Amino acid sequence: VEVVDLTKRQRGLVNGGCEFVGLKVKPPEDPTSKHWCLVYSEDEAQKAWDDMMTSEACIYMTTDGVYAATRYKRALCKGLSGPLKTLKDVEACVSGLLPDKPLKNISLGNDPPSITSYNTFLVGPSNLGPTLPPTIGHIVSTSTGDIYDYFLKRKSAHTVSEAEKLIAIMLSDIAKGQTAIVSTGKKEAATAFKNSLLKKVFVHESMGKFINAVRAEGGVEVVVITGLLEELGQFGQYGGLVFELFYRADLSAFG
């Protein structure tokens, strides 16, 4: 059995700073004890560990407060006296959400969350859904699993959009007859990686071997996109892999 000692901040999260989702088991000899452990099945244990250590948090607003959450944990960052009734109420609430003020760091390994164009949304029944800007979403379900799935869907749409911006650059360079600084294809990506030309890559989750190799080497920004390729627009049409080089280069010359 591997035992990992938690830092002081991590112990603070476990001891009340954060609510964890899972089966909590207390000592059988003292069921009233404040001490507990979380139990996950063999298949779920690694997912839960990765979630607690590295998963990106979403930020959502309910009738009682603002939460930072992943699939297996959440923390109340700010209490609310009631539901947000107007778009102005929502925008005012979001504008006041800053890292550590009051957004809490709920990860055992990452920095505190901050507002992005995809990670913030309302949760629960609301008439405001149609009036919200694209940067603020809405989901009716209050299930922790549904909430995080919704966040991942929004994140995927954002990352696909960013990947397609690179594809647009590539197509523009090709139309101008320029050596591209952006390219697609597994063989081309492998060549760029082998020759230390790879700067940033958007890659579909199915290419696990390539993802692990690039991450192990370090020095490359890797953005993994989830979902069915046929539902990922132009990114899917180009095989689920698009990458940017450090400088313009003809990859065919590298062999």
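Positive end of the charge dipole of region 125-255 (Lys, Arg +1 and Asp, Glu -1 on Cβ, about the Cα centre): tell me which of PHE202, SER161, PHE151 has its Cα farthest that way.
PHE202
Relative to the Cα centre, what is the charge dipole magnitude of region 33-113, using +1 at the beta carbon of each Lys and Arg, -1 at the beta carbon of each Asp and Glu, and rounding to the nearest 20 debye?
Dipole about the Cα centre, nearest 20: 420 debye.
What's the local net charge at GLU19, with K and R +1, D and E -1, over the other residues with C-beta under 14 Å away?
Every neighbour counted, the sum reads +3.
Contact order normalised by length for the chain, with contacts defined as Cα pairs under 8 Å and 6 or more residues apart; what percent is it?
Worked out over the chain, it gives 13 percent.
What percent does the relative contact order of region 182-255 come to when contacts are Cα pairs within less than 8 Å and at least six residues apart?
46
Would you calculate, for the chain, the mean residue ellipticity at 222 nm contributed by helices, counting each DSSP H stretch of 4 or more residues as -39,500 (n - 2.57) and dividing by all residues, to the nearest 500?
After summing the helix terms and dividing by residue count, I get -10000 deg cm²/dmol.
Restricting to the chain, compute how many DSSP beta bridges are antiparallel as a %, nearest 5.
65
Before anything else, pin down the relative contact order of region 53-111: Cα pairs under 8 Å, at least 6 apart, normalised by residue count, whole percent.
It comes to 36 percent, rounded to a whole number.
Of HIS138, ASN212, THR32, whose Cα points farthest to the positive end of the dipole of the chain (charges on the beta-carbon: +1 Lys, Arg; -1 Asp, Glu; origin at the Cα centre)?
Selected residue: HIS138.
Once the convex hull of the C-alpha atoms of the chain is built, how many Å³ does it hold per residue, rounded to a whole number? Write down the numbers at each step before the final one.
Values: hull volume 44.1 nm³, N = 255.
Roughly 173 Å³ of hull volume per residue.
Within region 130-253, what whole-number % of the accessible surface is contributed by carbon and sulfur, with the 1.4 Å probe and all protein chains included in the calculation?
Carbon with sulfur: 53 percent of the solvent-accessible area.
Set Lys and Arg Cβ to +1 and Asp and Glu Cβ to -1, take the dipole of region 87-208 about its Cα centre, and tell me which of PRO102, MET170, ILE115 lies farthest positive.
MET170
Taking a cut-off of 25 Å between Cα atoms, list the lysines near LYS24, but don't count ones fewer than 8 places away on the same chain.
Reachable lysines: LYS8, LYS34, LYS47, LYS73, LYS104.
Kindly report, to the nearest 10 Å², the accessible surface of ARG248 as traced by a 1.4 Å probe over protein heavy atoms only.
The accessible area of ARG248 comes to roughly 120 Å².
How much area per residue is accessible in the chain when the probe is 1.4 Å and only protein heavy atoms are counted (Å²)?
57
Calculate the dipole size of region 49-179 relative to its Cα centre from +1 charges on Lys and Arg beta carbons and -1 charges on Asp and Glu beta carbons; express the result in debye to the nearest 20.
Using Cβ point charges on Lys, Arg, Asp and Glu, region 49-179 gives about 220 debye.
For region 135-255, give the magnitude of the charge dipole about the Cα centre (Cβ charges: +1 Lys/Arg, -1 Asp/Glu; no others), in debye to the nearest 20.
280
Can you give me the P(r) profile for region 188-255? Cα pairs, bins 10 angstrom wide beginning at 0, each as a whole percent.
Taking every Cα pair in region 188-255, the percentages come to 21, 51, 26, 2.
The values are calculated or read from the model by the stated rules, or taken from the named source; none is laboratory data. Everything numeric in this text was worked out from a predicted model, so none of it was measured. All Cβ positions, glycine included, derive from the backbone under ideal geometry; neighbour counts span all protein chains shown. Quick note on the areas: whole protein, heavy atoms, side chains included, nothing else; ligands and nucleic acids left out. Shrake-Rupley method; radii C 1.70, N 1.55, O 1.52, S 1.80 Å.
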